[in-house]
Amino acid sequence: ARLVVLLSGTGTLLQALLDASADPAYGARVVAVGSDRPGVAGLDRAAAAGVETFVHPLADRSGRAAWDAALAERVAAYEPDLVISAGFMKLLGEDFLARFGGRTINTHPALLPAFPGMHGPRDALAYGVRFTGATVFLVDAGVDTGVVLDQAVVPVEDDDTVETLHERIKTAERDLLVATTHALVTRLWRVVGRKVHWDQ
Ligand code: GRF
């Protein structure tokens, strides 16, 4: 299966997918990596693995709708089976979801619907929860509101800072994303309402 990964930062989630897909038995490979900003480490990781990259800055387009439509075109050129938003900091809009909705997944460093948005680990720490974690979900038009595919629980330690907590979450998040992506490309599945049904 063909994966296109969208990112905005260090790309440790991408790296986990690159490492896993090096094994032919994984059943999927990253065919392209796109970023909304140039010069991020995630693009270097892709290049180091010989994966084609593209940069798609919002500033280059005449507004978000044009940016979104152009992004859909660029991604479509790679004929992905699955699009993975892995630390991508832009919302995917109507055009993109018209073409790739239902086969675009995202990860979030919290147990949705708790602590959505840009600061999941910070918000969980501030709230004082004992456990948080990571969520992989199908992207819909909302912010972190899509159908949950799987989740992983992570304890919050008494001496945690936002950084130590986020790093612990990212460790679980990487494994969750690799496993969920593998399941999506090797098993039959369908969504009924907000429930995902996997083949037996
Ligand atoms: C991940 O925790 C992701 O859920 C969040 O930002 C982090 C991206 O990490 N949106 P990386 O760029 O994959 O290292």
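The values are calculated or read from the model by the stated rules, or taken from the named source; none is laboratory data. On a predicted model such as this, the values are computed, not experimentally measured, just so you know. Methodologically, a virtual Cβ is constructed for each residue, glycine included, from the backbone with ideal geometry; neighbour enumeration extends over all protein chains shown. For accessibility, only protein heavy atoms count, side chains too; no ligands or nucleic acids. Shrake-Rupley method; radii C 1.70, N 1.55, O 1.52, S 1.80 Å.
Details
- Loop sites in region 105-200: GluC sites (Glu not before Pro), DSSP, at most 14 other Cβ within 10 Å: GLU157
- Per-residue HN-Hα couplings for region 28-38 [Karplus 6.51, -1.76, 1.60; θ = phi - 60°; Hz; x = Gly/Pro]: 8, 9, 7, 9, 6, 10, x, 10, 8, 9, x
- Taking trypsin sites (Lys or Arg not before Pro) in DSSP loop states with no more than 11 other Cβ atoms inside 10 Å as exposed sites, the chain has its longest site-free stretch at 1-129.
- Here is how the number arises for the chain: DSSP H runs of 4 or more residues each give -39500 (n - 2.57), the sum is divided by the residue count, and the result at 222 nm is -11000 deg cm²/dmol.
- For ASP199, net neighbour charge (Lys/Arg +1, Asp/Glu -1) across residues whose Cβ lies under 11 Å away: +2
- Amide H to amide H distances under 5 Å link GLY9 with GLY42, where only residues 5 or more positions off or on other chains count and H is placed in the peptide plane.
- Cβ-based charge dipole, the chain, positive-most Cα from VAL162, VAL129, SER85: SER85
- In a reduced charge model with +1 at each Lys and Arg Cβ and -1 at each Asp and Glu Cβ, region 1-112 shows a dipole moment near 120 debye about its Cα centre.
- DSSP bridge orientation in the chain - percent antiparallel, rounded to nearest 5: 45
- In the context of the full set of protein chains, residues of the chain present 48 Å² of accessible surface per residue (probe radius 1.4 Å, heavy atoms only).
- Database remark: amide H of THR53 closer than 5 angstrom to the amide H of VAL33 (H placed geometrically; neighbours at sequence offset of 5 or more, or on other chains; Pro and chain starts carry no H).
- Of all accessible heavy-atom area on region 107-200, the percent that carbon and sulfur account for (1.4 Å): 57
- Summed side-chain charge close to LEU7 - residues other than LEU7 whose Cβ falls under 12 Å, Lys, Arg +1, Asp, Glu -1: +1
- Under the Karplus curve 6.51 cos²θ - 1.76 cosθ + 1.60, θ = phi - 60°, whole-Hz ³J(HN,Hα) for region 103-119, x wherever Gly or Pro sits: 9, 10, 10, 9, 10, 9, x, 6, 8, 4, x, 6, 6, x, x, 6, 10
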